[in-house]
Amino acid sequence: MSAGTLLCGSSDGPPVMLIHGLGSSYRVWDRVVPLIQPAARVCAVELDASDSIDSDADAVAALINRPMLLVGHSRGGLVATAVAERHPGLVSKLILICPSWSLASRLGANRATERALSMPVIGDLIWALASPSRQRRAVQTAFAPGARVPDQFVVDLRARGRRSVTDSSRVINDYLRATPLPDRLKKLALPTELIFGKQDARVSTPRDEFSAVCSTRLTVLPAVGHSPPWEAPGAVAELIAHSLASQ
């Protein structure tokens, strides 16, 4: 099984599924869940490595038994989009937080370190010999400059392992190379909230790339990096609550 529900609330409110991103876990939602749990039935999924975004989408879809709001962070946003593409009857709305939206939007995806990590022997050595401080610096790009990196994010990255991280990154490129996110959302015509951090060092903030997608609304959070669920949980929770209330 490539997906499992690790966190599920008992509220009788409308259902919402939270999907984490690359090298992360359901713990990325730790600050958001308490804010929305009183009004929603919250499930956070844990994804294992797979060979495609579509495979992850099918695994998530297997956990859903009625239409619900899907909230995806980073790579999880692409998984949520793929669920809507492949299983349209299971998705009522989408909230995509800092998703890569084209190959060019992936800032740093072709940096020397990332390329080296993808190499079989060299990558294994780099991963095995990385000091705790180097691991923490690698995670720092997921936050606004100067923000403190939570220990949990370092633990999660390490637990994923090199191959899981590099394979998961590769399939992002495969998915976007096939069709960029704006074109996918235009075809879906599904109500979608797009959230980006103004200081994101991993994904560039779109300008007018989504302007032709009438079903989407773009929100840019100032002084926030690539991890709004942790850096700005109140803003994320507010958008989730608004989306649930308008269903």
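Observations on the structure shown:
- The chain - charge dipole about Cα centre, Lys and Arg +1 at Cβ, Asp and Glu -1, debye rounded to 20: 520
- Annotation: amide H-H contacts under 5 Å for G13 (H modelled 1.01 Å from N, sequence separation of 5 or more, or interchain): A40, R41.
- Derived scalar couplings ³J(HN,Hα) [segment 26-37; Karplus, 6.51 cos²θ - 1.76 cosθ + 1.60; whole Hz; x for Gly, Pro]: 4, 5, 4, 9, 4, 8, 8, 3, x, 7, 10, 4
- The helix-based estimate of mean residue ellipticity at 222 nm for the chain, built from -39,500 (n - 2.57) per DSSP H run of four or more residues and divided by its residue count, is -12000 deg cm²/dmol to the nearest 500.
- Expressed to the nearest 5 percent, the antiparallel share of DSSP beta bridges inside the chain is 20 percent.
- Where N is the number of residues in segment 198-247, Cα Rg divided by 2.2 N^0.38 Å: 1.26
- Label-point gap, in nm, between D208 and R134 - each point 7 angstrom along Cα→Cβ: 4.5
- Packing-based order for 14-20, 71-77, 152-158, 217-223, using average beta carbon neighbours within 10 Å, highest first: 71-77, 14-20, 152-158, 217-223
- Spin-label model, V220 to D167: label points 7 Å out along the Cα-to-beta-carbon direction sit 3.7 nm apart.
- Between the Cα long axis of helix 120-129 and the first principal axis of the chain there is an angle of about 90°, rounded to the nearest 10.
- Positive minus negative residues near C98 (Lys, Arg vs Asp, Glu; Cβ under 10 Å): +1
- Projecting the Cα atoms of G77, A235, A147 onto the charge dipole of the chain (Cβ charges, centred on the Cα centre) puts A147 farthest toward the positive pole.
- Segment 44-186, Rg to Rh (Cα coordinates; Rh as Kirkwood inverse mean 1/r): 0.98
- In sequence order, segment 216-224 has phi-based couplings of 10, 10, 9, 10, 10, 8, x, 6, 10 Hz under the Karplus curve 6.51 cos²θ - 1.76 cosθ + 1.60, θ = phi - 60°, and Gly or Pro positions carry x.
- A simple packing score, the average count of other Cβ atoms within 10 Å per residue, orders the peptides 206-216, 30-40, 97-107 as 97-107, 30-40, 206-216, with the highest score first.
- Over the chain, the ratio between the Cα radius of gyration and 2.2 N^0.38 Å evaluates to 0.94.
- Virtual paramagnetic centre 7 Å along Cα→Cβ of S246, amide N under 18 Å, in segment 175-195: 185-186, 188-195
Every number here is computed from the coordinates shown, using simple stated rules; none is lab data. Source: prediction; values computed, not measured. Quick reminder, even Gly has a Cβ in these numbers, built from the backbone with ideal geometry, and neighbours come from all protein chains shown.
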